[in-house]
1. What translational D, rounded to a whole number of µm²/s, comes out for segment 246-295 from Stokes-Einstein when the hydrodynamic radius is the Kirkwood one over Cα pairs, at 37 °C and 0.692 mPa s?
2. Relative to 2.2 N^0.38 Å, what does the C-alpha radius of gyration of segment 168-249 come to as a ratio? Two decimals please.
3. Please report the relative contact order for segment 1-126, taking Cα pairs under 8 Å with a sequence separation of at least 6, and give it as a percent rounded to a whole number.
4. Pick from Asp288, Asp46, Asp81: which is most flexible by mean-square fluctuation in a GNM of the chain where alpha carbon atoms under 10 Å apart are linked?
5. Roughly speaking, what is the stretch gain from Ala276 to Ala190, that is 0.36 nm per residue apart minus the C-alpha to C-alpha distance, in nm to one decimal?
6. What order, most packed first, do the peptides 229-237, 113-121, 187-195 have when packing is the mean number of other Cβ atoms within 10 Å of each residue?
7. Could you give the nm distance between label points at Arg108 and Ala84, where each point is 7 Å from its Cα heading toward the beta carbon?
8. Run through the DSSP bridge list for the chain and note the antiparallel percent, rounded to the nearest 5.
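The values are calculated or read from the model by the stated rules, or taken from the named source; none is laboratory data. Worth saying up front: this structure is predicted, and the values here are computed from it rather than measured. A quick note on method: Cβ atoms are made from the backbone with ideal geometry, for glycine too, and the neighbour counts reach across all protein chains shown. Keep in mind that these areas ignore ligands, DNA and RNA; they rest on the heavy atoms of the full protein, side chains included. Shrake-Rupley method; radii C 1.70, N 1.55, O 1.52, S 1.80 Å.
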Amino acid sequence: MPAYGGGWLDRAGARRVDADWLAERLTDPASVVLPLWRDRCLVDGDGPVRLTGERASAVRAAAGETVFLGVDGDAAVFAVDLSALGERAAVAAASATGTVDLRALAGRLDPAGAAVQAYARGLLLWHRQQRYCGACGAAAVAGGGGHVRTCAGAECGRLLFPRIEPAVIVLVEAPGPPGRCLLARHAGAAEGAWSTLAGFVEVGESLEDAVRRELAEEAGVTVTDVTYQGSQAWPFPAGLMVGFRAVAASEQIRVDGVELLEARWFTRAELRERIASGRPLGRVDSIDHLLLEDWLGADSPARPSAVS
Ligand SMILES: [Zn+2]
């Protein structure tokens, strides 16, 4: 299963509009509060801080936005945003030892912990970026447990919901034997880092349309047989990665030289050789890694633990 998803928390959507229930949960000593600071986890030692009781009340008093994430067993789970504070003040308010980017904790956090932190990070970022109505410019006021903002403009009153920006990510197979897949070196990527191709879905496109267009634009490759493989929550900052496999109509490649610097076909033997020499297939927390692992098949060597 890809990192950052998995439905670990009961999101309890119906409770978001139950103001009395939310107010009671906020003073319930069993409720858990996760503090974040400017997209970063507040950590105590190795793991993210989870506050309850008086420490939860204290951090809420210091926080900007408080959002309701859901219910974990009997405990309501909230996230609070300490971004208005300086880093040192945020660390102190959260009884933490420091701040860490969530992706730097990849592979060390349990899947549920990583998913809940990603959810909190994405939702709190949306609040910081949606303080005003885009239509009339009036302030937008948070409600619904932090899952909606309402424009306060007298003649507007628009409801604003958290934004998700979908992107497709594609493992393209060669049209004939031997079995090969298309990988590319992306502009700005680390030296020697090859990965599958990806791009944002544009207005008026289906996901499959986006796959065909991205491959044609960036690599000059026409693809057929576009099939869904799986998806990954990617709130860095607001993405949803949708994974596909597709088959190229020909082996010809013509990279755009802007987004892609180079692309070529790799056999399974070549990829296994890269893994054996300590060069992992993408970051361990990304769906890119899973698409490649799936393609390599069940007989592939053990997943490397390093992160490129
Ligand atoms: Zn408005």
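1. 257 µm²/s
2. Computed over Cα atoms of segment 168-249, the ratio equals 1.09.
3. 35 percent
4. Asp46
5. 29.0 nm
6. Per-residue mean Cβ counts within 10 Å order the peptides as 113-121, 229-237, 187-195.
7. Simple spin-label model gives 3.1 nm for this pair.
8. Beta bridges within the chain, antiparallel portion: roughly 75 percent.
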